[in-house]
Amino acid sequence: MAQIATGKSRKRIAEELYIDLETVKSHIKNIYHKLDVHSKADAIKAAKDNKFI
């Protein structure tokens, strides 16, 4: 979540973590679901509010 909050693209995150882009997309989808949000801005706000980042 911290990498998303700093503005990194999904592709860049995948490259830095040496994982497939689809894996990153899947994890982001799961994060959105668990935080009950539908956008990057809402996910970042929820993560900060809950002190995840």
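The values are calculated or read from the model by the stated rules, or taken from the named source; none is laboratory data. Because the structure is a prediction, the values reported are computed rather than measured. Cβ: placed from backbone, ideal geometry, glycine included. Neighbour counts: every protein chain shown.
The table below lists the values:
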| read-out | value |
| --- | --- |
| Of residues in segment 1-11 being under 11 Å from the mean Cα position of the chain (by Cα) and not in a loop (DSSP other than H, G, I, E, B), the one surrounded by the fewest Cβ atoms within 10 Å (Cβ to Cβ) | A2 |
| Near pairs, Cβ below 8 angstrom, 6+ apart or cross-chain, from segment 36-53 (modelled with pLDDT under 90) to any residue that is among the β-branched types (V, I, T) | I53/I44 |
| Lone qualifier among I53, I28, I44 - being more than 10 Å from the chain's Cα centre (by Cα) and either loosely packed, with under 15 Cβ neighbours inside 10 Å or at negative phi (or both) | I53 |
| Test: residue in segment 20-28 that is modelled with pLDDT of 95 or more and part of a loop (DSSP other than H, G, I, E, B) | yes |
| Conditions (1) assigned to a helix (DSSP H, G or I); (2) surrounded by 14 or more Cβ atoms within 10 Å (Cβ to Cβ); (3) at pLDDT below 95: number failed by A14 | (3) |
